[in-house]
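These notes are about the structure you will find just below.
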Amino acid sequence: MSNTLRAGVYVVLLKGRRQEHVLLLHDGIDGQSLSPLKRAILNWLVLSRTKAIVPNSRWTASTVPEKFQGLLTTVAYTFSGTTGNEHRGRVERADARPLRLLSLSRLVKWKGVHLVLDALEILAKENFGERDLILTIAGSAILGPDKYAAELKSRAKLLPFSVEFVGQVAQIAPLLLSNDVLVHASVRPEPFGQVIVQGLSYGLVVVAPDSGGPAEILNDESGLLFTRGSSISLANALRHLLESPELRKSLVENGQAAAISYSDSEIVKKYDTIFRSVLGFPEVLQEESKISDGVA
């Protein structure tokens, strides 16, 4: 089994004749995600020698070339490290100001953090200020160039909002518990979006683009979707949250309920079913089901 495209290359080169290869597809293999050379290697070397492809969203499944579509199993979402109960004990702030926004991602351009600043610039022109919104930006370039981060910091200084850059964070739970809204703004489709599930599970309102994995996780009752790449649409979503405490409260409640379906315990069951089906193993025994459910 491999869970990255690079690992997939190693597995097909090293596996024995009687071993089957299952690829957990966690990234798109379309033109936006991979170069033509990488796609050619993947198609010729990896996919042609794979027993099954387990996509982590319907979007990632859609990027698989037509000739390999028959290898696809049902979707098994990526583990997010959540139980679905992280919201317990959180102090409610549905009607509080300022609204505390959190951006939690790598500081690379396709993650769209600049789009969040674009949206705040729009709101600043409408006389919203520090009394209304504060923003925390967590993450770093991670071995990449820091030019993008430097540009973000320069722009943030010009805004009439408090914007704090906290860098790479090892433990995200305190950040999630101390903010109200998770803003995810990738400008190209996100394969899944673990942070979306984490935000829901910790009781944040989640605002995300209307494409890729986030659009499969969120609906009108559990989060706010904006037009991918549109700072105007994002600004409209944030304004809506500022003006409607009732909406924020509803989204928190419905979002956490939705997060349970993406908890690690539920994903384990999904993978177990898929692997048994792919490899021709018998159905899960009753006793095994009890153990996995924590009953035995």
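General remarks:
- Filter result (free of Cβ contacts under 8 Å to residues at least 12 places away in the same chain and assigned to a helix (DSSP H, G or I)) within segment 267-282: Thr273, Arg276
- Segment 101-122, subset of a type in the set (Lys, Arg) and in contact (Cβ under 8 Å) with a residue 60 or more places away in the chain, residue most open to solvent (accessible area, probe 1.4 Å): Lys109
- Matching residues, segment 27-40, being over 14 Å from Thr4 (Cα atoms) and aliphatic (A, V, I, L, M): Leu37, Ala40
Yes/no per residue for (1) at pLDDT below 90; (2) part of a loop (DSSP other than H, G, I, E, B):
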| site | (1), (2) |
| --- | --- |
| Ile41 | yes, no |
| Leu45 | no, no |
| Ser48 | no, no |
| Val54 | no, no |
| Val64 | no, yes |
| Gly70 | no, no |
| Thr74 | no, yes |
| Thr78 | no, yes |
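- Residue count for segment 1-32 satisfying the condition of being over 19 Å from Leu279 (Cβ atoms), in contact with a Ser or Thr (Cβ under 7 Å, 6 or more places away or on another chain) and open to solvent by less than 40 Å² (accessible area, probe 1.4 Å): 3.
- In segment 225-242, the residue that is farthest from Gln256 (Cα to Cα) out of those that are open to solvent by less than 40 Å² (accessible area, probe 1.4 Å) and in contact with a Leu (Cβ under 7 Å, 6 or more places away or on another chain) is Ser231.
- Unmet criterion (only one of (1) surrounded by fewer than 17 Cβ atoms within 10 Å (Cβ to Cβ); (2) closer than 19 Å to Ser57 by Cβ) for Ala257: (2)
- Checklist (1) in a loop (DSSP other than H, G, I, E, B); (2) open to solvent by 50 Å² or more (accessible area, probe 1.4 Å); (3) more than 30 Å from Arg17 (Cα to Cα) applied to His87, failing item: (2)
- If you go through segment 122-141 and keep only what is farther than 15 Å from Val183 by Cα and not aliphatic (A, V, I, L, M), you end up with Lys125, Glu126, Asn127, Phe128, Gly129, Glu130, Arg131, Asp132, Ser140.
- Condition broken by Val75, with the remaining ones in (1) under 16 Å from the mean Cα position of the chain (by Cα); (2) among the aliphatic types (A, V, I, L, M); (3) crowded, with 20+ Cβ neighbours inside 10 Å satisfied: (3)
- Single unsatisfied condition, Lys125 versus (1) in contact with a Ser or Thr (Cβ under 8 Å, 6 or more places away or on another chain); (2) open to solvent by 30 Å² or more (accessible area, probe 1.4 Å); (3) under 27 Å from Ser244 (Cα atoms): (1)
- Residues (of a type in the set (Val, Ile, Thr), under 15 Å from Phe161 (Cα atoms) and not in a strand (DSSP E or B)) located in segment 106-140: Val116, Ile122
- Answer residue from segment 153-188, given it is of a type in the set (Gly, Ala, Ser) and under 23 Å from Ser250 (Cα atoms) and is least open to solvent (accessible area, probe 1.4 Å) among those: Ala185
- Considering residues of segment 141-152 that are assigned to a loop (DSSP other than H, G, I, E, B) and open to solvent by less than 40 Å² (accessible area, probe 1.4 Å) only, the residue nearest to Ser244 (Cα to Cα): Ala141
- Qualifying positions in segment 1-39 - under 26 Å from Arg188 (Cα atoms), outside any loop (DSSP other than H, G, I, E, B) and touching a helix residue (DSSP H, G or I) at 6+ places or on another chain (Cβ under 9 Å): Ser2, Leu5, Gly8, Val9, Leu23, Leu24, Leu25, Lys38
The values are calculated or read from the model by the stated rules, or taken from the named source; none is laboratory data. As the structure is a computational prediction, the values presented were derived from the model and not from experiment. Here the Cβ is made from the backbone with ideal geometry for all residues, glycine too, and neighbour counts use every protein chain on show. With ligands, DNA and RNA removed, areas are computed over all heavy atoms of the protein, side chains included. Shrake-Rupley method; radii C 1.70, N 1.55, O 1.52, S 1.80 Å.
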